[in-house]
1. Keeping every protein chain in place, order 67, 29 by accessible area at 1.4 Å, biggest value first, i.e. largest first.
2. For the modelled label position 7 Å from the Cα of residue 84 along Cα-to-Cβ, which residues of region 32-56 have backbone nitrogen atoms closer than 17 Å?
3. Which of 55, 42, 16 moves the most in a Gaussian network model of the chain with Cα springs under 10 Å?
4. Using a probe radius of 1.4 Å on heavy atoms only, what accessible surface per residue do you get for the chain? Whole Å² is fine.
5. Can you compute the modelled spin-label distance between residue 121 and residue 30, with each label point 7 Å from Cα toward Cβ, in nm?
6. Ranked from the most accessible area to the least, with a 1.4 Å probe and all protein chains present, what is the order of 111, 36?
7. Once you keep just the Cα pairs under 8 angstrom separated by 6 or more residues, what percentage relative contact order results for region 1-107?
8. If you put +1 on each Lys and Arg Cβ and -1 on each Asp and Glu Cβ, how big is the dipole of the chain around its Cα centre, in Debye rounded to 20?
Amino acid sequence: QVQLVESGGGLVQAGGSLRLSCAASGSIFSIDAMGWYRQAPGQQRELVVYITRGGITKSADSVKGRFTISRDYAKNMVALQMNSLKSEDTAVYYCNAIVRSSWADPQRNYWGQGTQVTVSS
């Protein structure tokens, strides 16, 4: 089993910044990708940004130029720096990791418990 623990959510005014962190622990052989998704009330969960083991990133158009993902491969951690926050960024943010627990295991998808980000206008 793999656990993802997020931290760093909270309340911020529009135009402000927040930094989210996520640490993965447990039975980890390799992490093929880590990233962040978000879900606003009444909306489907959507991709924010992810980063692959090779350092390739993919982000939603709505956050390009404002959000930056970084990864600490040695510590199995990922961080999301969110700048110029807007009210429409308000959502529960979920850490995601695609993990192999051994060389023979298939990839498995894991989620954190979610952290609330609220941007007041």
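1. 29, 67
2. 49, by backbone N distance to the label point.
3. Greatest mean-square fluctuation among the candidates belongs to 42.
4. Ligands and nucleic acids excluded, the result is 53 Å² per residue.
5. About 4.5 nm separates the two model spin labels.
6. Ranked list, largest accessible area first: 111, 36.
7. This gives 36 percent for region 1-107.
8. Roughly 160 debye for the chain.
The values are calculated or read from the model by the stated rules, or taken from the named source; none is laboratory data. Here the structure is a predicted model, which is why all the values come from computation and not from measurement. Glycine gets a Cβ as well: all are built from the backbone with ideal geometry, and neighbour counts include every protein chain shown. Ligands, DNA and RNA are excluded from the accessible area calculation, which covers all protein heavy atoms including side chains. Shrake-Rupley method; radii C 1.70, N 1.55, O 1.52, S 1.80 Å.
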